[in-house]
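Participant: Dumping the structure here so I can ask a few things about it.
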């Protein structure tokens, strides 16, 4: 049941973001679109969105204190911590993805990111979250271009 429910929730969330975005995109005139491309060119290379993990909430998800979490995280991956704490790997994945989506949706609603950025970010989110779950230390997180 969970294997069907979680992916369905993720898909529904993505659809809602894209539907909301497409409505606002249709309301733009060609003049506004031209102006927005000038802004993008001016800000090219600038970091517009960066998700920062809430370690207190993550430790709470694992039913640990922050100190206990960081102590375990020193030599264990998130998947290993989840197994020790009796948490399903799929539940951990859904938790991490939902936190990323919440932060991304907040940035989108504030106008910090556009639809193109959201779609690009979501394309790599599954891979990035799985890599983060398996990494034993932050240094193990080496992203490929």
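One line per residue, one yes/no per condition, for (1) surrounded by 12 or more Cβ atoms within 10 Å (Cβ to Cβ); (2) modelled with pLDDT of 65 or more; (3) closer than 24 Å to residue 135 by Cα:
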| residue | (1), (2), (3) |
| --- | --- |
| 18 | yes, no, no |
| 61 | yes, yes, yes |
| 92 | yes, yes, yes |
| 95 | yes, yes, yes |
| 112 | yes, yes, no |
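Participant: Continuing with the same structure: Can we say residue 84 is touching a residue at least 24 places away in the same chain (Cβ under 8 Å) and either surrounded by fewer than 18 Cβ atoms within 10 Å (Cβ to Cβ) or over 16 Å from the mean Cα position of the chain (by Cα) (or both)?
Facilitator: No: the conditions fail for residue 84.
The values are calculated or read from the model by the stated rules, or taken from the named source; none is laboratory data. Keep in mind that what you see is a predicted model, and the values were worked out from it rather than measured. Methodologically, a virtual Cβ is constructed for each residue, glycine included, from the backbone with ideal geometry; neighbour enumeration extends over all protein chains shown.
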